[in-house]
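J.: Dropping a structure here in structure tokens format, bear with me for questions.
The values are calculated or read from the model by the stated rules, or taken from the named source; none is laboratory data. Source: prediction; values computed, not measured. For neighbour counting, all protein chains shown are included, and Cβ atoms are generated from backbone atoms with ideal geometry for every residue, glycine included. Protein only, heavy atoms only, side chains kept; ligands, DNA and RNA dropped before computing areas. Shrake-Rupley method; radii C 1.70, N 1.55, O 1.52, S 1.80 Å.
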Amino acid sequence: MSDQERILKFQIFRYNPQKPGDKPRMVTYEVKEATGMTIFIALNDIREQQDPSLQFDFVCRAGICGSCAMVVNGKPTLACRTMTSTFEDGEIKLLPLPGFELIGDLSVNTGKFMRAMSERVESWIHEKSSDEISFEKLEERMDPDVADEIYELERCVECGCCVSACATKRMRPDFLSAVGFMRLARYSLDPRDKRSDEEFYEIMGDDDGVFGCMTLLGCEDYCPKDLPHQTQIAYLRRKMALIK
Amino acid sequence: MKVIYTDSLVIGGGLAGLRVAIAATQRGYDTIVLSLIPAKRSHSAAAQGGMQASLGACIKGDGDDEEVHFGDTVRGSDWGCDQDVARMFVNTAPKAIRQLSAWGVPWSRVTKGDRDVIINGEKVTITEKQEAHGLISSRDFGGTKKWRTCFTSDGTGHTMLYAMDNKAIQLGIQVHERKEAIALIHEDGVCYGAIVRDLITGELIAYVAKATTIATGGYGRLYAITTNSVVSEGIGTAIALETGVATLGNMEAVQFHPTAIVPVGILTTEGCRGDGGLLLDKDGYRFMPDYEPGKKELASRDVVSRRILEHMRKGKGVASRYGDHIWLDITLLGRPHIEKNLREVKEICEYFLGIDPAKEYIPVRPTQHYSMGGIRTKATGESQTLKGLFSAGEAACWDLHGFNRLGGNSVAETVVAGMIVGEFVADYCFQNSLDVKGSTVEYFMKKEENKITDLLVRDFGENPFELKAEMQKIMMDDVGIFRNAKDLEKAVEELKILNQRAKNIALRNRVSSSNPELVEAIRVPKMIKLAQCVAYGAMLRTESRGGHAREDYPERNDKDWLKRTLTSWKDDSADLPEVTYEELDIMKMELPPASRGYGVDNTVHHPDTAKREQEIEEIKKNNPDVDRFELQKLLNPIPIPEKFKGKNERIGRGFK
């Protein structure tokens, strides 16, 4: 962190589709940097002091909820935990995540996309009796290492960075993307989910699924949670290739 | 006028709201959840450390059961909680956690055999039982007699919320995202849904329902620095207050967490101390054992926060440009433990502080964290005064936590309350038909339309962002960890003035659709009212209890203050709420008031306490052969919904 006060130059994408006649454009704002400043703090500063119409999404502002992904100087990332001090020249260009419906300015509708993804991969435990078993009795045991491994894959926060960084998704609008593959990997690892490999194949065994991936691996490069996308996609693909 | 009908309307898509929605849906009632944001981004996700449930599988949880959890919860609340609710809660928590396990939460499990842990600064080897292998494990948290906090690394809230939302998706429950409830529809003491603003289009929609549940979380954002997410502004609580009919309970009961990072206020979990982390002062000295030789760093949160402040006031804080702080030392836990069980903490330290917590100390200080107060409900979750309005989770004053919540009891409350209140919501939907008049709905719709129009046409007036900042500063400066009459009176007077100024907000961006400034302008007057409920309630309560610590009244005063503060805002033009009190009946308590075991006990006792203690002794003497379940019934018989009545199994003792 530098102690020197400097003026940051933010170039921000502005467009409000709700406003008749509004046109997409880049607008420059200057902000006096403070120690420990994040893009979260800077954007709020701009909204409160300069332009109250500026739209963006933050919730936890701690890198946990996945709301604030945007393209920062060309790279999709979580804005809340990006420190302004990491930009040597003090110039920061912000664009909304591509691949999602634009709500306005830096705000995109990841919620709609992620709900559809969850419905498509049936993102829940498939076990007929899970609503009938007695919760008074001891829970079903699980190998402690398996529980830890599931957690590793469940750390995804649905921020959408992997979707935005994916070239295949740009070519194939219905491509499931890494977030969907990670979810499927998570459930196929989970002994509580009784789905067979054949059933998983029905969900992802085509070009909009795991066979469509061109292995450019933008997902692996830009995942803010460092999830093992490369390994999991390779693993799912091999597993699916063995079906039939 | 756009109207959407449903049986059960749930405002808030966090753990509590989703669980209520699941319960009502499973009973066959149409349910819609409203959320400001995608449900999986709710503040529930930020709960790191864990969920309390007395499973007792881990060796350090051996001997745990409902009685021990009950005792810890009541003591933790400084006897402010509703013991009927606490009893229902401890009985249901093991079921809730097991259900979540079946729904997909990858709870950390017990591994049989030896493992090294840090207890009281020393490395100790504990041996997990063979027969516990693969069962849900637990870690130590503050204010508990047993290791009771079940967890998934330090992403517990995240995994719980994902499992819960996934279950809701499986059931096809609709979540209407980016919608904000700005007023409740009600007539003659009955609630019929809400007027809702679409945050994208700006359209107002009437959601008309038999039962309305508010599960919008706490009001931490009334304070400038808080661990809470930016959506925890208490708006659900405020719209209940604005009915003039529903009451809020114990709004002055606010919790400050001992360890949020400086300066941004992001939480580092209590699991850091539960797993063996220490608090150190500017000299690197471990000071907590001097103040609390018993529980040390793991005293109740309110106690630890006050001790830290006390120690900093002695000049022992570490000076920084953001004011004093102390150190949280987790280096002694070792890198493998941190990278496995405290990984969110590690990420937070790396990104926001630029430090490696396996090698360096973390700068922390007490920071606003939790709202014990909220919409006052009966044990069923229904408002005591507005029929058809329910509340669950942090938004509610159900009242599980009294004046201080134990770590790990908040996410536990969200799901347990969700289960229990959800059943009562379904019962309400079954027993009542929707008989609201169209003109009533229209009246509330017009009222909100007019308010927004006024905001959009006013040429000159107050800036909502500035009003909010002023309110947050008042709360920080004068309604904080230590309180006194002078500061509180000042806060109340200043908030009265802000309340007047908030009637005259003008916008720079006069657009009715998606408009962050308009959102702020709608919320800020509501937040100022809530802030006044907190400040005024704190001013009137001339005692110290749990998180409410009065420098001028340091003793807990059961004689005059064993009662719940109830606030309502009947007169819209008033600058102060109306305050009444609800007595807690000691003669019905299973656990009559006693010392919590921290510092000097200077409690002013209630005459009933000794009477009740004697009565309990006699009941025990006259019934020497009863087991703990029968004894509990003799002491305080309470109705628990049939579904959750059963006894809970544990290893080594079955259902006993």
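J.: With the condition kept exactly as written, say whether any residue in region B:49-71 is charged (D, E, K, R), within 9 Å of another protein chain (Cβ to nearest Cβ), open to solvent by less than 20 Å² (accessible area, probe 1.4 Å) and farther than 19 Å from residue B:153 by Cα. Please lay out each step first, then the result.
T.: The first filter runs over region B:49-71 and keeps only residues charged (D, E, K, R), leaving B:60, B:62, B:64-67.
Filter once more, so that each one left must be within 9 Å of another protein chain (Cβ to nearest Cβ): none.
No, that holds for no residue.
J.: Tell me yes or no: at least one residue of region B:279-286 is open to solvent by less than 20 Å² (accessible area, probe 1.4 Å), within 24 Å of residue B:144 (Cα to Cα), part of a helix (DSSP H, G or I) and more than 14 Å from chain A (Cβ to nearest Cβ).
T.: no
J.: Scan region B:629-656 for residues that are assigned to a helix (DSSP H, G or I), away from chain A (no Cβ under 11 Å) and surrounded by 12 or more Cβ atoms within 10 Å (Cβ to Cβ) and jot them down.
T.: B:629, B:631, B:632, B:634, B:635
J.: Give me a count of the residues in region B:493-520 that are in contact with a Pro (Cβ under 8 Å, 6 or more places away or on another chain) and either surrounded by fewer than 20 Cβ atoms within 10 Å (Cβ to Cβ) or more than 14 Å from every other protein chain (Cβ to nearest Cβ) (or both).
T.: Residues that pass the stated criteria total 5.
J.: Before we move on, is residue A:49 open to solvent by 10 Å² or more (accessible area, probe 1.4 Å) and in contact with a strand residue (DSSP E or B) (Cβ under 8 Å, 6 or more places away or on another chain)? Steps first, please.
T.: Working: open to solvent by 10 Å² or more (accessible area, probe 1.4 Å): yes; in contact with a strand residue (DSSP E or B) (Cβ under 8 Å, 6 or more places away or on another chain): no.
Taking the combined requirement at face value, the residue does not satisfy it.
J.: Please specify each residue of region B:254-276 satisfying the condition of being among the aliphatic types (A, V, I, L, M), open to solvent by less than 10 Å² (accessible area, probe 1.4 Å) and in a strand (DSSP E or B).
T.: Across region B:254-276, the qualifying residues are B:254, B:260, B:261.
J.: Based on this model, can you work out whether residue A:158 counts as facing chain B (nearest Cβ under 7 Å), in a loop (DSSP other than H, G, I, E, B) and without any contact (Cβ under 8 Å) to a residue 12 or more places away in the chain? Don't jump to the end; show me each part of the working.
T.: Details: facing chain B (nearest Cβ under 7 Å): yes; in a loop (DSSP other than H, G, I, E, B): yes; without any contact (Cβ under 8 Å) to a residue 12 or more places away in the chain: no.
So residue A:158 fails the test.
J.: Could you tell me whether region A:191-204 includes any residue that is in contact with a strand residue (DSSP E or B) (Cβ under 8 Å, 6 or more places away or on another chain) and surrounded by 15 or more Cβ atoms within 10 Å (Cβ to Cβ)?
T.: Taking region A:191-204 first, the residues in contact with a strand residue (DSSP E or B) (Cβ under 8 Å, 6 or more places away or on another chain) are none.
No: region A:191-204 contains no residue that is in contact with a strand residue (DSSP E or B) (Cβ under 8 Å, 6 or more places away or on another chain) and surrounded by 15 or more Cβ atoms within 10 Å (Cβ to Cβ).
J.: Taking the residues in region A:1-34 that are open to solvent by 40 Å² or more (accessible area, probe 1.4 Å) and of a type in the set (Ser, Thr, Tyr) as candidates, determine which candidate is modelled with the lowest pLDDT.
T.: Looking at residues that are open to solvent by 40 Å² or more (accessible area, probe 1.4 Å) and of a type in the set (Ser, Thr, Tyr), I get A:2.
J.: Name the residue that is farthest from residue A:182 (Cα to Cα), counting only residues in region A:106-128 that are in contact with a Gly (Cβ under 9 Å, 6 or more places away or on another chain) and more than 8 Å from chain B (Cβ to nearest Cβ).
T.: A:108
J.: If I ask for residues that are in a loop (DSSP other than H, G, I, E, B) and either under 29 Å from residue B:155 (Cβ atoms) or open to solvent by 20 Å² or more (accessible area, probe 1.4 Å) (or both), which ones from region B:293-323 would you list?
T.: B:293, B:294, B:295, B:299, B:300, B:319, B:320, B:321, B:322, B:323
J.: Just wondering, is there one or more residues in region A:133-142 that are among the β-branched types (Val, Ile, Thr) and either more than 7 Å from chain B (Cβ to nearest Cβ) or touching a Phe, Trp or Tyr at 6+ places or on another chain (Cβ under 6 Å) (or both)?
T.: Checked against the condition, which is being among the β-branched types (Val, Ile, Thr) and either more than 7 Å from chain B (Cβ to nearest Cβ) or touching a Phe, Trp or Tyr at 6+ places or on another chain (Cβ under 6 Å) (or both), region A:133-142 yields no hits at all.
J.: Give me the pairs: first residue in region B:94-105 and under 11 Å from residue A:127 (Cβ atoms), second residue at pLDDT 95 or above and among the aliphatic types (A, V, I, L, M), beta-carbon distance under 9 Å, and six or more apart or on different chains, which are they?
T.: B:102/A:125; B:103/A:125; B:103/B:163; B:103/B:164; B:104/A:125; B:104/A:150; B:104/B:163
J.: Another one. So residue B:368 ticks every box in (1) at pLDDT below 95; (2) assigned to a strand (DSSP E or B) but one. Which box is left unticked?
T.: Condition not satisfied by residue B:368: (1).
J.: Inspect region A:64-76 for any residue being out of contact with any helix residue (DSSP H, G or I) (no Cβ under 8 Å at 6 or more places or on another chain) and more than 8 Å from chain B (Cβ to nearest Cβ) and give the result as yes or no.
T.: Yes, some residue in region A:64-76 is out of contact with any helix residue (DSSP H, G or I) (no Cβ under 8 Å at 6 or more places or on another chain) and more than 8 Å from chain B (Cβ to nearest Cβ).
J.: Hey, residue B:240 hits all of (1) in contact with a helix residue (DSSP H, G or I) (Cβ under 9 Å, 6 or more places away or on another chain); (2) part of a loop (DSSP other than H, G, I, E, B) but one; which does it fall short on?
T.: Residue B:240 satisfies every listed condition except (2).
J.: Sticking with this one: For region A:8-126, give me every one of the strands (runs of 3 or more DSSP E) that falls completely inside it and has 2 or more residues that are charged (D, E, K, R) and farther than 28 Å from residue B:268 by Cα.
T.: A:25-32, A:91-95
J.: Consider residue B:178 carefully, then state whether it is buried (at least 20 other Cβ atoms within 10 Å of the Cβ) and on the phi > 0 side of the Ramachandran plot.
T.: Working: buried (at least 20 other Cβ atoms within 10 Å of the Cβ): yes; on the phi > 0 side of the Ramachandran plot: yes.
Answer is yes for this residue.
Let's see how each residue does on (1) within 14 Å of residue B:259 (Cα to Cα); (2) at pLDDT below 95:
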| site | (1), (2) |
| --- | --- |
| B:295 | no, yes |
| B:307 | yes, no |
| B:319 | no, yes |
| B:322 | no, yes |
| B:327 | yes, no |
| B:331 | no, no |
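J.: Being surrounded by fewer than 24 Cβ atoms within 10 Å (Cβ to Cβ) and touching a Ser or Thr at 6+ places or on another chain (Cβ under 9 Å) is the filter here; which residues of region B:539-548 pass it?
T.: Of everything in region B:539-548, just one residue is surrounded by fewer than 24 Cβ atoms within 10 Å (Cβ to Cβ) and touching a Ser or Thr at 6+ places or on another chain (Cβ under 9 Å), namely B:540.
J.: Cβ contacts < 7 Å: first residue in contact (Cβ under 8 Å) with a residue 24 or more places away in the chain and in a helix (DSSP H, G or I), restricted to region B:330-348; second residue surrounded by fewer than 17 Cβ atoms within 10 Å (Cβ to Cβ) and among the charged types (D, E, K, R), any location; separation 6+ or different chain. Result?
T.: Listed pairs, sorted by first residue: B:331/B:359.
J.: Another question, then. Which condition number in (1) open to solvent by 60 Å² or more (accessible area, probe 1.4 Å); (2) basic (Lys, Arg); (3) part of a loop (DSSP other than H, G, I, E, B) is the one that residue B:451 fails?
T.: Single failed check for residue B:451: (3).
J.: Then there's this: Across region B:1-46, what is the number of residues that are part of a helix (DSSP H, G or I) and either touching a residue at least 40 places away in the same chain (Cβ under 8 Å) or open to solvent by 20 Å² or more (accessible area, probe 1.4 Å) (or both)?
T.: Residues meeting the conditions: 18.
J.: Here's something else I'd like to know. Condition (residue is within 17 Å of residue A:87 (Cβ to Cβ) and in contact with a Lys or Arg (Cβ under 7 Å, 6 or more places away or on another chain)) applied to region A:46-58: is it met by at least one residue?
T.: no
J.: Of all residues in region A:180-225, how many are under 30 Å from residue B:346 (Cβ atoms) and in contact (Cβ under 8 Å) with a residue 60 or more places away in the chain?
T.: Adding up the residues that qualify gives 11.
J.: Assess whether residue B:49 counts as being in a helix (DSSP H, G or I) and within 30 Å of residue B:127 (Cβ to Cβ).
T.: Judged against the criteria, residue B:49 is not a match.
J.: Could you tell me whether any residue of region A:145-152 is farther than 18 Å from residue B:57 by Cβ and either among the polar types (S, T, N, Q) or in a loop (DSSP other than H, G, I, E, B) (or both)?
T.: Checked region A:145-152: no residue is farther than 18 Å from residue B:57 by Cβ and either among the polar types (S, T, N, Q) or in a loop (DSSP other than H, G, I, E, B) (or both).
J.: Which of the residues belonging to region A:45-56 are more than 9 Å from chain B (Cβ to nearest Cβ) and closer than 25 Å to residue B:351 by Cβ? Steps first, answer last, please.
T.: Step one: filter region A:45-56 for residues more than 9 Å from chain B (Cβ to nearest Cβ), giving A:45-46, A:50.
Within region A:45-56, A:45, A:46 meet the criteria.
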